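As C-alpha coordinates, the structure follows; a few thoughts come after it.
The values are calculated or read from the model by the stated rules, or taken from the named source; none is laboratory data. The structure displayed is predicted, hence computed values, not measured ones. Every residue, glycine as well, gets a Cβ built from its backbone with ideal geometry; the counts of neighbours run over all protein chains shown. Just so you know, the surface numbers come from the protein's heavy atoms only, side chains and all, with ligands and any DNA or RNA stripped out. Shrake-Rupley method; radii C 1.70, N 1.55, O 1.52, S 1.80 Å.
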Amino acid sequence: MKQYDFLIVGAGLFGAVFAHEATKKGKRCLVIDRREHIGGNVFCEEVEGINVHKYGAHIFHTNDKTIWDYVNSFVEFNRYTNSPLANFEGELYNLPFNMNTFYQLWKVKTPEEAQAKIQEQVENSGITNPQNLEEQAISLVGTDIYHKLIKGYTEKQWGRKATELPAFIIKRLPLRFTFDNNYFNDKYQGIPIGGYNKLTEGLLSGIEVKTSIDFFENKKQYSDLAETIVFTGHIDEYYNYQFGKLEYRSLRFEHETHDKENYQGNAVVNYTEADVPYTRILEHKHFEFGRQPKTVVTKEYPCEWSSGMEAYYPINDEKNNDLFKKYRDLAEKEENVIFGGRLAEYKYYDMHQVIGSALVTVKKYLA
Ligand code: FAD
Ligand code: UDP
(Lines give C-alpha, C1' and ligand atoms only; values in the text may rest on other atoms or scores of the structure.)
(Ligands and ions follow the chains in the order given, each with its own letter.)
Protein backbone atom coordinates (compact mmCIF):
# COMPACT_ATOMS: atom_id res chain seq x y z
CA MET A 1 0.00 0.00 0.00
CA LYS A 2 1.28 3.46 -0.84
CA GLN A 3 1.83 6.15 1.78
CA TYR A 4 -1.07 8.34 0.63
CA ASP A 5 -4.41 7.81 -1.09
CA PHE A 6 -4.11 11.18 -2.84
CA LEU A 7 -1.22 13.40 -3.79
CA ILE A 8 -2.78 16.76 -4.56
CA VAL A 9 -0.65 18.98 -6.75
CA GLY A 10 -1.71 22.58 -6.12
CA ALA A 11 -3.02 24.17 -2.92
CA GLY A 12 -5.46 26.48 -4.72
CA LEU A 13 -9.21 26.20 -4.26
CA PHE A 14 -9.60 23.05 -6.34
CA GLY A 15 -6.83 21.21 -4.48
CA ALA A 16 -7.89 22.50 -1.07
CA VAL A 17 -11.55 21.52 -1.48
CA PHE A 18 -10.60 18.11 -2.85
CA ALA A 19 -8.17 17.51 0.02
CA HIS A 20 -10.69 18.65 2.62
CA GLU A 21 -13.47 16.39 1.40
CA ALA A 22 -11.22 13.37 0.88
CA THR A 23 -9.70 13.77 4.35
CA LYS A 24 -13.18 14.00 5.85
CA LYS A 25 -13.87 10.59 4.33
CA GLY A 26 -10.77 9.14 5.96
CA LYS A 27 -8.42 9.34 2.96
CA ARG A 28 -4.73 10.09 3.48
CA CYS A 29 -3.80 13.24 1.54
CA LEU A 30 -0.61 15.12 0.83
CA VAL A 31 -0.92 18.55 -0.78
CA ILE A 32 2.08 20.16 -2.50
CA ASP A 33 2.42 23.56 -4.12
CA ARG A 34 5.29 25.19 -5.93
CA ARG A 35 4.47 28.58 -4.50
CA GLU A 36 5.65 29.37 -0.99
CA HIS A 37 2.09 29.65 0.30
CA ILE A 38 -1.29 27.94 0.07
CA GLY A 39 -4.43 29.37 -1.54
CA GLY A 40 -3.29 29.63 -5.17
CA ASN A 41 -4.59 32.81 -6.75
CA VAL A 42 -6.85 33.75 -3.84
CA PHE A 43 -3.90 34.16 -1.44
CA CYS A 44 -3.80 37.41 0.55
CA GLU A 45 -0.77 39.02 2.16
CA GLU A 46 -1.20 41.31 5.14
CA VAL A 47 0.40 44.75 4.67
CA GLU A 48 -0.26 47.64 7.10
CA GLY A 49 -3.09 45.58 8.61
CA ILE A 50 -4.77 45.27 5.19
CA ASN A 51 -5.41 41.99 3.36
CA VAL A 52 -3.78 42.53 0.00
CA HIS A 53 -5.12 40.32 -2.80
CA LYS A 54 -1.69 39.32 -4.11
CA TYR A 55 -2.94 37.91 -7.40
CA GLY A 56 -5.66 40.39 -8.28
CA ALA A 57 -9.07 41.36 -6.93
CA HIS A 58 -11.15 38.39 -5.81
CA ILE A 59 -14.84 38.86 -5.12
CA PHE A 60 -16.82 35.80 -4.22
CA HIS A 61 -20.24 35.50 -5.85
CA THR A 62 -22.61 32.64 -6.51
CA ASN A 63 -26.23 31.77 -7.07
CA ASP A 64 -25.78 28.38 -5.49
CA LYS A 65 -26.82 28.30 -1.85
CA THR A 66 -24.95 25.03 -1.25
CA ILE A 67 -21.66 26.63 -2.33
CA TRP A 68 -22.39 29.80 -0.34
CA ASP A 69 -23.15 27.78 2.81
CA TYR A 70 -20.06 25.67 2.17
CA VAL A 71 -17.64 28.62 2.09
CA ASN A 72 -19.41 30.30 5.01
CA SER A 73 -18.89 27.18 7.09
CA PHE A 74 -15.15 27.98 7.07
CA VAL A 75 -15.27 31.76 7.42
CA GLU A 76 -17.97 34.40 7.67
CA PHE A 77 -18.36 36.59 4.58
CA ASN A 78 -19.01 40.33 4.69
CA ARG A 79 -21.58 42.33 2.70
CA TYR A 80 -19.14 43.69 0.09
CA THR A 81 -20.82 44.34 -3.26
CA ASN A 82 -18.55 44.92 -6.20
CA SER A 83 -19.31 48.23 -7.93
CA PRO A 84 -16.27 49.13 -9.99
CA LEU A 85 -15.86 52.45 -11.76
CA ALA A 86 -14.37 52.96 -15.19
CA ASN A 87 -12.04 55.88 -15.84
CA PHE A 88 -11.96 56.79 -19.53
CA GLU A 89 -9.90 59.86 -20.43
CA GLY A 90 -10.39 61.30 -16.95
CA GLU A 91 -14.17 60.82 -16.81
CA LEU A 92 -15.73 58.33 -14.41
CA TYR A 93 -18.50 55.90 -15.40
CA ASN A 94 -20.32 53.30 -13.35
CA LEU A 95 -20.01 49.62 -14.16
CA PRO A 96 -21.50 47.26 -15.10
CA PHE A 97 -23.41 48.98 -17.91
CA ASN A 98 -26.56 50.31 -16.26
CA MET A 99 -28.79 53.39 -16.08
CA ASN A 100 -26.09 55.33 -14.19
CA THR A 101 -23.63 54.66 -17.03
CA PHE A 102 -26.19 55.62 -19.68
CA TYR A 103 -26.95 58.86 -17.84
CA GLN A 104 -23.24 59.66 -17.57
CA LEU A 105 -22.73 58.98 -21.29
CA TRP A 106 -25.84 60.45 -22.86
CA LYS A 107 -27.77 62.23 -20.07
CA VAL A 108 -30.70 59.87 -20.72
CA LYS A 109 -32.94 59.46 -17.68
CA THR A 110 -35.34 56.65 -18.57
CA PRO A 111 -34.87 53.04 -19.64
CA GLU A 112 -36.80 53.77 -22.88
CA GLU A 113 -34.40 56.57 -23.82
CA ALA A 114 -31.39 54.39 -23.03
CA GLN A 115 -32.74 51.42 -24.96
CA ALA A 116 -33.52 53.62 -27.95
CA LYS A 117 -29.99 55.04 -27.93
CA ILE A 118 -28.41 51.58 -27.84
CA GLN A 119 -30.85 50.19 -30.39
CA GLU A 120 -30.03 52.98 -32.84
CA GLN A 121 -26.29 52.29 -32.54
CA VAL A 122 -26.76 48.54 -32.88
CA GLU A 123 -28.87 48.99 -36.02
CA ASN A 124 -26.36 51.40 -37.55
CA SER A 125 -23.58 48.86 -36.98
CA GLY A 126 -25.37 46.33 -39.20
CA ILE A 127 -24.27 43.40 -37.02
CA THR A 128 -26.90 40.66 -36.88
CA ASN A 129 -24.96 37.51 -36.14
CA PRO A 130 -22.00 38.39 -33.85
CA GLN A 131 -18.91 36.27 -34.49
CA ASN A 132 -16.36 37.72 -32.11
CA LEU A 133 -16.04 39.85 -28.98
CA GLU A 134 -16.21 43.17 -30.85
CA GLU A 135 -19.38 42.24 -32.72
CA GLN A 136 -20.90 40.69 -29.63
CA ALA A 137 -20.18 43.80 -27.54
CA ILE A 138 -21.53 46.23 -30.14
CA SER A 139 -24.67 44.19 -30.65
CA LEU A 140 -25.28 44.21 -26.88
CA VAL A 141 -24.43 47.80 -25.91
CA GLY A 142 -23.81 49.80 -29.09
CA THR A 143 -20.75 51.63 -30.35
CA ASP A 144 -20.31 54.40 -27.72
CA ILE A 145 -19.93 52.01 -24.81
CA TYR A 146 -17.85 49.69 -26.94
CA HIS A 147 -15.36 52.43 -27.83
CA LYS A 148 -15.19 54.07 -24.40
CA LEU A 149 -15.52 51.21 -21.97
CA ILE A 150 -14.75 47.94 -23.75
CA LYS A 151 -12.33 48.07 -26.68
CA GLY A 152 -9.29 49.61 -24.95
CA TYR A 153 -9.67 47.55 -21.77
CA THR A 154 -10.27 44.29 -23.61
CA GLU A 155 -7.37 44.68 -26.04
CA LYS A 156 -4.99 45.54 -23.20
CA GLN A 157 -6.30 42.69 -21.08
CA TRP A 158 -5.99 40.03 -23.74
CA GLY A 159 -3.19 41.45 -25.93
CA ARG A 160 -5.28 40.68 -28.99
CA LYS A 161 -7.72 42.56 -31.16
CA ALA A 162 -11.31 42.35 -29.95
CA THR A 163 -12.18 40.91 -33.37
CA GLU A 164 -9.92 37.93 -32.60
CA LEU A 165 -11.41 37.14 -29.20
CA PRO A 166 -14.26 34.77 -28.33
CA ALA A 167 -17.62 36.44 -27.71
CA PHE A 168 -18.29 34.62 -24.44
CA ILE A 169 -15.80 36.78 -22.50
CA ILE A 170 -18.01 39.87 -22.73
CA LYS A 171 -21.17 37.96 -21.86
CA ARG A 172 -19.80 37.75 -18.30
CA LEU A 173 -20.79 41.39 -17.76
CA PRO A 174 -24.38 42.29 -16.88
CA LEU A 175 -26.35 44.92 -18.84
CA ARG A 176 -29.22 46.50 -16.93
CA PHE A 177 -31.80 49.18 -17.39
CA THR A 178 -32.00 49.97 -13.67
CA PHE A 179 -29.82 52.24 -11.54
CA ASP A 180 -27.93 49.31 -10.05
CA ASN A 181 -24.12 49.29 -9.91
CA ASN A 182 -23.77 45.73 -8.60
CA TYR A 183 -21.23 44.04 -10.92
CA PHE A 184 -22.78 40.62 -10.40
CA ASN A 185 -26.29 39.29 -10.78
CA ASP A 186 -25.73 36.50 -8.28
CA LYS A 187 -27.81 36.16 -5.15
CA TYR A 188 -24.83 35.77 -2.79
CA GLN A 189 -21.70 37.92 -2.74
CA GLY A 190 -19.00 38.98 -0.30
CA ILE A 191 -15.40 38.79 0.90
CA PRO A 192 -14.25 36.50 3.71
CA ILE A 193 -13.93 38.58 6.90
CA GLY A 194 -10.21 38.52 7.64
CA GLY A 195 -9.29 37.57 4.05
CA TYR A 196 -9.24 34.53 1.79
CA ASN A 197 -6.49 32.80 3.75
CA LYS A 198 -9.08 32.08 6.43
CA LEU A 199 -10.99 30.06 3.83
CA THR A 200 -8.03 28.10 2.48
CA GLU A 201 -6.50 27.58 5.95
CA GLY A 202 -9.86 26.24 7.09
CA LEU A 203 -10.07 23.89 4.13
CA LEU A 204 -6.54 22.59 4.67
CA SER A 205 -6.63 22.47 8.45
CA GLY A 206 -5.16 19.21 9.76
CA ILE A 207 -3.94 18.14 6.30
CA GLU A 208 -0.31 17.60 5.41
CA VAL A 209 0.80 20.43 3.12
CA LYS A 210 4.23 21.12 1.65
CA THR A 211 4.89 24.42 -0.11
CA SER A 212 7.78 25.49 -2.37
CA ILE A 213 7.71 22.05 -4.00
CA ASP A 214 7.41 21.65 -7.74
CA PHE A 215 5.86 18.35 -8.75
CA PHE A 216 7.90 18.30 -11.97
CA GLU A 217 11.21 18.47 -10.14
CA ASN A 218 10.61 14.89 -9.19
CA LYS A 219 7.49 13.70 -10.96
CA LYS A 220 8.19 10.00 -10.60
CA GLN A 221 9.07 10.11 -6.91
CA TYR A 222 6.01 12.18 -6.02
CA SER A 223 3.72 10.09 -8.19
CA ASP A 224 4.91 6.93 -6.44
CA LEU A 225 3.84 8.30 -3.06
CA ALA A 226 0.13 8.04 -3.70
CA GLU A 227 -2.50 5.77 -5.23
CA THR A 228 -4.04 8.68 -7.12
CA ILE A 229 -2.76 12.10 -8.19
CA VAL A 230 -5.01 15.12 -8.26
CA PHE A 231 -3.29 17.50 -10.62
CA THR A 232 -4.30 21.18 -10.71
CA GLY A 233 -1.28 22.56 -12.59
CA HIS A 234 -0.83 23.09 -16.34
CA ILE A 235 -2.13 20.10 -18.28
CA ASP A 236 0.33 20.68 -21.15
CA GLU A 237 3.26 20.73 -18.74
CA TYR A 238 2.07 17.40 -17.30
CA TYR A 239 2.45 15.92 -20.78
CA ASN A 240 5.77 17.60 -21.43
CA TYR A 241 4.24 19.97 -24.00
CA GLN A 242 4.20 17.09 -26.48
CA PHE A 243 1.55 18.70 -28.72
CA GLY A 244 2.78 22.26 -28.10
CA LYS A 245 2.20 24.93 -25.48
CA LEU A 246 -1.17 26.28 -24.47
CA GLU A 247 -1.30 30.06 -24.35
CA TYR A 248 -2.24 32.16 -21.35
CA ARG A 249 -2.42 35.79 -20.43
CA SER A 250 -0.31 36.89 -17.51
CA LEU A 251 -0.40 39.91 -15.22
CA ARG A 252 2.19 42.04 -13.49
CA PHE A 253 1.14 43.58 -10.21
CA GLU A 254 2.62 46.79 -8.86
CA HIS A 255 1.78 47.15 -5.18
CA GLU A 256 2.15 50.59 -3.56
CA THR A 257 1.60 51.70 0.04
CA HIS A 258 0.34 55.26 0.45
CA ASP A 259 0.49 57.30 3.60
CA LYS A 260 -3.16 58.31 3.46
CA GLU A 261 -6.40 56.73 4.56
CA ASN A 262 -8.24 56.71 1.27
CA TYR A 263 -6.68 56.73 -2.20
CA GLN A 264 -9.52 56.30 -4.68
CA GLY A 265 -12.68 55.78 -2.62
CA ASN A 266 -13.49 52.43 -4.22
CA ALA A 267 -11.98 48.94 -4.27
CA VAL A 268 -11.74 48.73 -8.07
CA VAL A 269 -11.29 51.44 -10.70
CA ASN A 270 -10.83 50.25 -14.29
CA TYR A 271 -8.83 52.28 -16.81
CA THR A 272 -10.52 51.60 -20.10
CA GLU A 273 -8.44 53.61 -22.57
CA ALA A 274 -5.70 51.92 -24.57
CA ASP A 275 -3.00 54.46 -23.63
CA VAL A 276 -2.97 53.73 -19.89
CA PRO A 277 -0.85 50.57 -19.57
CA TYR A 278 -2.69 49.07 -16.61
CA THR A 279 -6.27 47.82 -16.68
CA ARG A 280 -7.27 48.55 -13.10
CA ILE A 281 -6.21 49.96 -9.75
CA LEU A 282 -7.31 48.05 -6.68
CA GLU A 283 -7.50 49.61 -3.23
CA HIS A 284 -7.60 46.56 -1.01
CA LYS A 285 -8.90 48.01 2.26
CA HIS A 286 -12.28 48.76 0.67
CA PHE A 287 -12.98 45.03 0.22
CA GLU A 288 -13.27 44.86 4.00
CA PHE A 289 -14.35 48.45 4.78
CA GLY A 290 -10.94 49.05 6.40
CA ARG A 291 -10.14 52.22 8.36
CA GLN A 292 -6.38 51.70 8.70
CA PRO A 293 -4.29 54.92 8.60
CA LYS A 294 -2.43 53.81 5.45
CA THR A 295 -3.66 52.24 2.25
CA VAL A 296 -2.31 49.71 -0.26
CA VAL A 297 -3.13 49.96 -3.94
CA THR A 298 -2.25 47.62 -6.80
CA LYS A 299 -1.94 48.45 -10.46
CA GLU A 300 -2.69 45.48 -12.70
CA TYR A 301 -0.66 45.35 -15.92
CA PRO A 302 -1.63 42.62 -18.39
CA CYS A 303 1.30 41.02 -20.16
CA GLU A 304 2.25 38.23 -22.53
CA TRP A 305 2.77 34.91 -20.81
CA SER A 306 5.86 32.73 -21.24
CA SER A 307 7.09 29.63 -19.39
CA GLY A 308 8.04 30.33 -15.80
CA MET A 309 5.52 33.16 -15.40
CA GLU A 310 2.20 32.82 -13.58
CA ALA A 311 -0.55 31.88 -16.01
CA TYR A 312 -3.65 33.81 -15.02
CA TYR A 313 -6.10 33.57 -17.89
CA PRO A 314 -6.49 30.73 -20.39
CA ILE A 315 -6.89 32.04 -23.93
CA ASN A 316 -9.96 30.08 -24.94
CA ASP A 317 -9.81 30.77 -28.66
CA GLU A 318 -10.30 28.05 -31.24
CA LYS A 319 -6.62 27.29 -31.72
CA ASN A 320 -5.95 26.83 -28.00
CA ASN A 321 -9.18 24.96 -27.33
CA ASP A 322 -8.28 22.49 -30.09
CA LEU A 323 -4.84 21.99 -28.58
CA PHE A 324 -6.36 21.56 -25.14
CA LYS A 325 -8.66 18.82 -26.47
CA LYS A 326 -5.61 16.78 -27.48
CA TYR A 327 -4.28 16.94 -23.93
CA ARG A 328 -7.72 16.24 -22.50
CA ASP A 329 -7.92 13.07 -24.62
CA LEU A 330 -4.70 11.86 -23.00
CA ALA A 331 -5.97 12.86 -19.56
CA GLU A 332 -9.17 10.89 -20.00
CA LYS A 333 -7.15 7.71 -20.52
CA GLU A 334 -5.34 8.09 -17.18
CA GLU A 335 -6.50 5.72 -14.48
CA ASN A 336 -4.77 7.25 -11.49
CA VAL A 337 -4.64 10.93 -12.31
CA ILE A 338 -7.48 13.40 -11.87
CA PHE A 339 -7.17 16.77 -13.61
CA GLY A 340 -9.05 19.72 -12.11
CA GLY A 341 -9.12 23.51 -11.78
CA ARG A 342 -8.38 26.50 -13.95
CA LEU A 343 -5.02 25.35 -15.28
CA ALA A 344 -5.65 21.64 -15.74
CA GLU A 345 -9.08 22.13 -17.32
CA TYR A 346 -7.94 25.25 -19.21
CA LYS A 347 -11.12 27.03 -18.21
CA TYR A 348 -12.01 30.60 -17.21
CA TYR A 349 -13.45 29.37 -13.90
CA ASP A 350 -14.63 31.69 -11.12
CA MET A 351 -14.09 30.63 -7.52
CA HIS A 352 -17.60 29.29 -6.98
CA GLN A 353 -17.29 27.25 -10.17
CA VAL A 354 -13.96 25.77 -9.21
CA ILE A 355 -15.30 24.85 -5.76
CA GLY A 356 -18.41 23.32 -7.36
CA SER A 357 -16.27 21.36 -9.78
CA ALA A 358 -13.99 20.07 -6.99
CA LEU A 359 -16.98 18.97 -4.91
CA VAL A 360 -18.49 17.05 -7.84
CA THR A 361 -15.13 15.48 -8.71
CA VAL A 362 -14.27 14.35 -5.19
CA LYS A 363 -17.74 12.89 -4.71
CA LYS A 364 -17.37 10.91 -7.92
CA TYR A 365 -13.99 9.48 -6.94
CA LEU A 366 -14.96 8.64 -3.39
CA ALA A 367 -18.20 6.93 -4.39
P1 FAD B 1 -5.00 28.14 -8.75
O2 FAD B 1 -5.50 29.09 -7.73
O3 FAD B 1 -4.20 28.67 -9.88
O4 FAD B 1 -4.18 27.01 -7.99
C5 FAD B 1 -3.34 26.09 -8.66
C6 FAD B 1 -2.12 25.89 -7.79
O7 FAD B 1 -1.33 24.85 -8.35
C8 FAD B 1 -1.23 27.13 -7.71
O9 FAD B 1 -1.05 27.53 -6.37
C10 FAD B 1 0.08 26.66 -8.35
O11 FAD B 1 1.24 27.22 -7.72
C12 FAD B 1 0.02 25.16 -8.14
N13 FAD B 1 0.83 24.42 -9.10
C14 FAD B 1 0.78 24.51 -10.45
N15 FAD B 1 1.70 23.69 -10.99
C16 FAD B 1 2.33 23.07 -9.96
C17 FAD B 1 3.40 22.14 -9.89
N18 FAD B 1 4.00 21.67 -10.98
N19 FAD B 1 3.80 21.71 -8.67
C20 FAD B 1 3.23 22.20 -7.54
N21 FAD B 1 2.22 23.10 -7.56
C22 FAD B 1 1.79 23.54 -8.76
N23 FAD B 1 -12.92 34.34 -9.33
C24 FAD B 1 -14.03 34.85 -8.74
O25 FAD B 1 -14.94 34.09 -8.39
N26 FAD B 1 -14.14 36.19 -8.47
C27 FAD B 1 -13.18 37.07 -8.81
O28 FAD B 1 -13.33 38.27 -8.56
C29 FAD B 1 -12.01 36.58 -9.44
N30 FAD B 1 -11.02 37.42 -9.81
C31 FAD B 1 -9.92 36.93 -10.41
C32 FAD B 1 -8.90 37.84 -10.75
C33 FAD B 1 -7.76 37.38 -11.36
C34 FAD B 1 -6.68 38.34 -11.72
C35 FAD B 1 -7.62 35.98 -11.65
C36 FAD B 1 -6.37 35.47 -12.32
C37 FAD B 1 -8.60 35.10 -11.30
C38 FAD B 1 -9.76 35.55 -10.68
N39 FAD B 1 -10.78 34.68 -10.29
C40 FAD B 1 -11.91 35.18 -9.69
C41 FAD B 1 -10.67 33.22 -10.53
C42 FAD B 1 -10.07 32.45 -9.34
O43 FAD B 1 -8.77 32.93 -9.09
C44 FAD B 1 -10.02 30.97 -9.72
O45 FAD B 1 -11.31 30.49 -10.02
C46 FAD B 1 -9.44 30.05 -8.63
O47 FAD B 1 -8.43 30.65 -7.89
C48 FAD B 1 -8.92 28.80 -9.31
O49 FAD B 1 -8.44 27.87 -8.38
P50 FAD B 1 -7.54 26.66 -8.90
O51 FAD B 1 -7.29 25.80 -7.72
O52 FAD B 1 -8.14 26.07 -10.11
O53 FAD B 1 -6.20 27.33 -9.43
N1 UDP C 1 -14.40 44.40 -19.71
C2 UDP C 1 -14.36 45.59 -20.39
N3 UDP C 1 -14.32 46.74 -19.68
C4 UDP C 1 -14.32 46.78 -18.34
C5 UDP C 1 -14.36 45.55 -17.64
C6 UDP C 1 -14.39 44.37 -18.35
O7 UDP C 1 -14.34 45.59 -21.62
O8 UDP C 1 -14.27 47.87 -17.75
C9 UDP C 1 -14.42 43.14 -20.51
C10 UDP C 1 -13.01 42.59 -20.76
O11 UDP C 1 -12.99 42.00 -22.04
C12 UDP C 1 -12.87 41.55 -19.69
C13 UDP C 1 -14.28 40.98 -19.64
O14 UDP C 1 -15.12 42.12 -19.84
O15 UDP C 1 -11.92 40.57 -20.04
C16 UDP C 1 -14.64 40.27 -18.35
O17 UDP C 1 -14.50 41.19 -17.29
P18 UDP C 1 -14.30 40.71 -15.80
O19 UDP C 1 -14.36 41.92 -14.93
O20 UDP C 1 -15.25 39.61 -15.55
O21 UDP C 1 -12.82 40.18 -15.86
P22 UDP C 1 -11.91 39.41 -14.79
O23 UDP C 1 -12.32 39.87 -13.43
O24 UDP C 1 -12.15 37.96 -15.05
O25 UDP C 1 -10.53 39.84 -15.15
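On a per residue basis, the convex hull of the C-alpha atoms belonging to region 61-194 measures out at 137 Å³.
Shown here for region 43-93: trypsin sites (Lys or Arg not before Pro) in loop regions (DSSP other than H, G, I, E, B) with at most 11 other Cβ atoms within 10 Å, namely Arg79.
With all protein chains present and a 1.4 Å probe, how do Val230, Val122 order by accessible area, largest first? Spell out each step's value before the answer.
Values: Val230 0, Val122 20 Å².
Result of the area sort, largest leading: Val122, Val230.
Per residue, region 32-107 exposes 43 Å² of solvent-accessible protein surface, assessed with a 1.4 angstrom probe and all protein chains in place. Based on Cα contacts under 8 Å between residues 6+ apart, the chain shows a relative contact order of 26 percent.
The Cα trace of region 244-367 gives Rg and Dmax of 19.1, 56 Å, the first to one decimal, the second as a whole number.
Separation of the alpha carbons by more than 31 angstrom is noted, of Lys151/Lys285; Lys27/Lys187; Lys65/Lys148; Lys210/Lys364; Lys65/Lys220, for Lys27/Lys187; Lys65/Lys148; Lys65/Lys220. Here the sum of -39500 (n - 2.57) over DSSP H runs of 4 or more residues, divided by the residues of the chain, equals -9500 deg cm²/dmol at 222 nm, to the nearest 500.
So which chymotrypsin sites (Phe, Trp or Tyr not before Pro) in region 123-181 pass both tests, a DSSP loop state and at most 16 other Cβ atoms within 10 Å of the Cβ? Intermediate results must be reported in sequence, preceding the final value.
On the way: sites: Tyr146, Tyr153, Trp158, Phe168, Phe177, Phe179; in loops: Phe177, Phe179.
Those satisfying the criteria are Phe177, Phe179.
Seen from all directions on average, region 310-367 presents a Cα convex hull projection of 4.6 nm². Solvent-accessible area assigned to carbon and sulfur over the chain amounts to 46 percent, based on a 1.4 Å probe.
Rounded if a/c is under 1.5, else prolate if a/b is larger than b/c, else oblate: which is region 157-280, with a ≥ b ≥ c the root eigenvalues of its Cα gyration tensor? Prolate shape, in that a/c is at least 1.5 and a/b is the bigger ratio. Calculated accessible area for region 245-367 comes out at 48 Å² per residue, all protein chains present (probe 1.4 Å; ligands, DNA, RNA ignored).
Shown for the chain is the translational diffusion coefficient from the Stokes-Einstein equation, using the Kirkwood radius over Cα pairs, a temperature of 25 °C and a viscosity of 0.890 mPa s: 112 µm²/s. Note on Glu76: accessible area approximately 130 square angstrom, rounded to 10, probe 1.4 Å, nucleic acids and ligands left out.
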